[in-house]
Amino acid sequence: MPRMLTLPLLLVPALFLVSSLTRVAGQQSPSSAEAIHRPLDQILDLYVRDGLVYYRALQAERTRLDRYVSSLDIPADTYAGWTREQQMAFWVNAYNVFTLQTVVNHYPVRGKSPQYPAGSIRQIPGAFDKLKHRAAGRSVTLDQIEKDVLPDFKEPRLYLALGRGAVGSGRLRSEAFSGDRIDKQLAAVAADFLTQDQMMKIDRDAGTISVTPTLSWRETDFVAAYDKGPAGPYAERSPIERAIIAFVAPRLLPLEKEFVQKNEFRVLFLPFDWRLNDLTGGRVD
C-alpha cells in the first residue's frame with residue numbers, strides 16, 4: 001500500500017515542474033520578439049550615421065549581420081503568436097537588414113545601367129524583385145515585403161521607415177524597431193519627414209509642395225489612412241493630395257500652415273534619389 005502511494009506523490013513535483021516550464025515558455029514568447037532584434041540594434045548603432053551606412057566596415061565584419069539574418073527564419077507559428085506591433089517591427093527590421101546584406105554582398109557596387117547611378121542598389125540584378133530571403137517561415141523578396149506583407153498592417157508610416165539602400169529613402173535609423181516602442185519610433189519617422197529635403201520641400205515663392213514618390217507608390221495605403229473624403233477646403237483636390245495635407249499638417253511651422261491654408265499650391269512628386277546611402281565611399285553619382 002505505501003508503494004502505491006509513493007509513485008503518485010513523486011509524480012506531483014514533476015508534473016508541477018512541467019506545468020511551470022510550459023507557462024514560462026508561453027510568457028517568453030512575446031519577449032523573444034524583442035530579444036531577436038538586439039543584434040540588429042548593435043549593428044545599426046555601429047554602422048549607421050544620419051541615415052548613411054559604413055558599408056565597407058560592415059562588409060569587413062559581417063558575421064553578426066549574417067547571423068542576425070539567419071535568426072529571422074523563425075517558425076511561422078512563433079511569428080503568429082506575436083502582437084501586431086511586434087510583427088510590424090519584425091518586417092521593417094527584416095526589410096532593412098535584407099537590404100544591407102544585399103548591398104554588402106555586392107559591395108562596392110559598380111553597374112553600367114544608364115537609368116541609375118553607378119553605385120546604386122538598383123545596379124544589383126533583381127535586388128528588389130528577384131533575390132529571395134527567409135523570414136518567419138516564408139521566402140520573400142524586398143518587393144513582396146513592401147507590397148504584400150506591410151499593407152496588411154494598414155500603417156503607411158512603415159513605408160517611410162524602409163531603408164531602401166538609397167539617399168532618397170527615409171533616413172535609416174541607428175536603432176532597430178521594436179514592438180514595445182514602434183509607435184514612438186514611427187512618430188519620429190513622421191516628424192523627420194518634414195526635415196529631410198528628399199522627403200518633402202515647401203517652396204512658398206514657387207507655390208509648390210514637393211514630396212517623395214514613396215507616397216505615390218503607396219498611394220492606396222496613404223489615402224486609406226489619411227484622406228477623409230471630398231469635404232472641407234481641400235474638397236476639389238485629389239485623394240492623395242488630401243492625404244498628404246492631412247499627414248503633414250500637424251507638424252507644419254506657422255508660416256507653412258498659413259501657406260497650406262491658402263490652398264493655392266501645387267503638389268509635385270520629387271524624383272527618387274537612387275544614389276547608394278554609403279558613408280564609407282561617398283554617394284556615388
Rounded to the nearest whole number, the per residue volume of the convex hull around the C-alpha atoms of the chain in Å³ is 167 Å³
CD proxy, 222 nm, the chain: helix-only mean residue ellipticity via -39,500 (n - 2.57) per DSSP H run with n ≥ 4, per residue, nearest 500, stands at -14000 deg cm²/dmol
Hits for the chain under the membrane-span-like helix rule (DSSP H, Cα axial span at least 27 Å, Kyte-Doolittle mean at least 0.0) are 2-35
Taking a crude spin-label model, label points 7 Å out from Cα along the C-beta direction, the THR83 to THR195 distance in nm is 2.7 nm
Rounded to two decimals, the Debye log10 I(q)/I(0) of region 30-188 (Cα scatterers, no solvent) at q = 0.12, 0.13, 0.16, 0.19 Å⁻¹ is -0.48, -0.57, -0.88, -1.28
At the level of C-alpha centres, the distance separating region 199-214 and region 249-265, in angstrom, is 12 Å
The answer for the longest stretch of the chain without any exposed trypsin sites (Lys or Arg not before Pro) (DSSP loop, at most 14 further Cβ atoms within 10 Å) is 1-109
For the chain, whose charge dipole is built from +1 on Lys and Arg Cβ atoms and -1 on Asp and Glu Cβ atoms, the candidate among ILE240, SER216, THR99 with its Cα farthest towards the positive end is THR99
Links exceeding 27 Å between C-alpha atoms in this model, out of LYS154/LYS262; LYS132/LYS154; LYS112/LYS201; LYS184/LYS262; LYS130/LYS201, come to LYS154/LYS262; LYS112/LYS201; LYS184/LYS262; LYS130/LYS201
So, relative contact order of region 30-188 in percent, Cα under 8 Å, 6 or more apart, is 35 percent
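Readers should treat all values here as calculations from the given coordinates under stated rules, not as data from a laboratory. Small disclaimer: the values here were computed from a predicted structure and weren't measured. Note: ideal-geometry Cβ built from the backbone for every residue, glycine included; neighbour counts use all protein chains shown.
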